[in-house]
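**Student:** Below you will find the structure I want to go over with you.
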Amino acid sequence: MKILICDDHAVFRAGLRMVLEDLYPDAELIETEAVEAALGLAGEHPDLDLALLDMHLPGMDGRAGLRELRQAQPALPVVMVSGEESSIEIRASLDDGAAGYIPKASSEQEMRAALQLVMAGGVYVPQAALSAAPAAPAESWTVRRRERADLLTPRQLEVLSLIARGLTNREICSVLSIAEGTVKAHLAAIFEALDVTNRTEAAVTARELGLKLPDEE
């Protein structure tokens, strides 16, 4: 396994390296401090399994680097890391093809969970992007909840479609060929986005919001 880290903060980079080395002891970690260098390294290592890019870097910024990497290696999962937790920045990164967005204020446990989800083929959306909105009139809250639901990834919508059809976690694992831990991570993101606590509520809320789910006519 090869993982590219691009971050100009040595202390954060060292902390991220420790998390990665603990998760993937046999991984080869390739580090740089600038996007231009990261792009060059990606060209030298077409077999990369993961790239982590800081959002704000000298020279070309991380978002531009994300787009360049996605164009050069469409199958490479690229995760943005940033000190910002703006839902606008998070949405923009996901729209540009990021496989996840990890705030630098995340705990080690949150980083581990995020990286494991991405490496399992999922997309990590941080709590900040899914946090509940303050109290508001019902119509306004419905709009806000729909906006949060729009952050659900295609894979999470597939999981939502399957739970709406009554499938169990084990059955979802079989249909989507993913691990049960990945299914649970997707369910947690779905429940948070829809502001529900169980599968039935999730299915009902999806219908109320008019979400278009996979395999629906």
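Rule-based calculations on the coordinates, nothing more; no lab input. Being a predicted model, the structure only gives us computed values, none of them experimental. Reconstructed Cβ throughout: ideal geometry from the backbone, glycine too, with neighbour counts over all protein chains shown.
**Student:** What is the magnitude of the charge dipole of the chain about its Cα centre, with +1 placed on the Cβ of each Lys and Arg, -1 on the Cβ of each Asp and Glu, and no other charges, expressed in debye to the nearest 20?
**Tutor:** For the chain, the charge dipole is close to 700 debye.
**Student:** Just grab the label-to-label distance for Val19 and Ala188, each label 7 Å out from Cα along the Cβ direction, in nm (one decimal).
**Tutor:** 1.3
**Student:** Can you give me the C-alpha center-to-center distance between segment 145-217 and segment 1-64, rounded to a whole angstrom?
**Tutor:** 32
**Student:** Using Cα pairs under 8 angstrom and six or more residues apart, how large is the relative contact order of the chain, in percent?
**Tutor:** For the chain, the relative contact order is 14 percent.
**Student:** Let me ask something else. Of the options Pro46, Ala98, Leu16, report the single residue whose Cα projects farthest towards the positive end of the charge dipole of segment 2-129 (beta-carbon charges: Lys, Arg +1; Asp, Glu -1).
**Tutor:** Value computed over the given set: Ala98.
**Student:** Fewest to most neighbouring Cβ within 10 Å: what's the order for Val143, Val79? If you can, show how the numbers build up before the last one.
**Tutor:** Details: Val143 14, Val79 24.
Exposure proxy ranking, most exposed first: Val143, Val79.
**Student:** If I take R0 = 30 Å and measure r between the Cβ atoms of Asp8 and Arg67 in this structure, what FRET efficiency does the formula 1/(1 + (r/R0)^6) give, to the nearest 0.05? Write out the running numbers ahead of the final one.
**Tutor:** Values: r = 19 Å, r/R0 = 0.64.
So the FRET efficiency works out to roughly 0.95.
**Student:** Helix 35-44: angle to the longest alpha-carbon principal axis of the chain, degrees 0 to 90, nearest 10?
**Tutor:** That works out to roughly 80 degrees.
**Student:** Using the Cβ atoms and a cut-off under 9 Å, what net charge is assigned to the surroundings of His186, where Lys and Arg are +1 and Asp and Glu are -1? Provide the component values of the computation, followed by the final result.
**Tutor:** Values: positive: Arg155, Lys184; negative: Glu158.
Its environment carries a net charge of +1.
**Student:** Quick check: pseudo-label points 7 Å beyond the Cα along Cα→Cβ at Glu110 and Val175, how many nm apart are they?
**Tutor:** Going by the 7 Å Cα→Cβ label model, 3.1 nm.
**Student:** Going by how many other beta carbons lie within 10 Å of each one, how would you line up Ile190, Ile178, fewest first? Before the final figure, lay out the partial values.
**Tutor:** Details: Ile190 23, Ile178 19.
Least to most surrounded, the residues fall as Ile178, Ile190.
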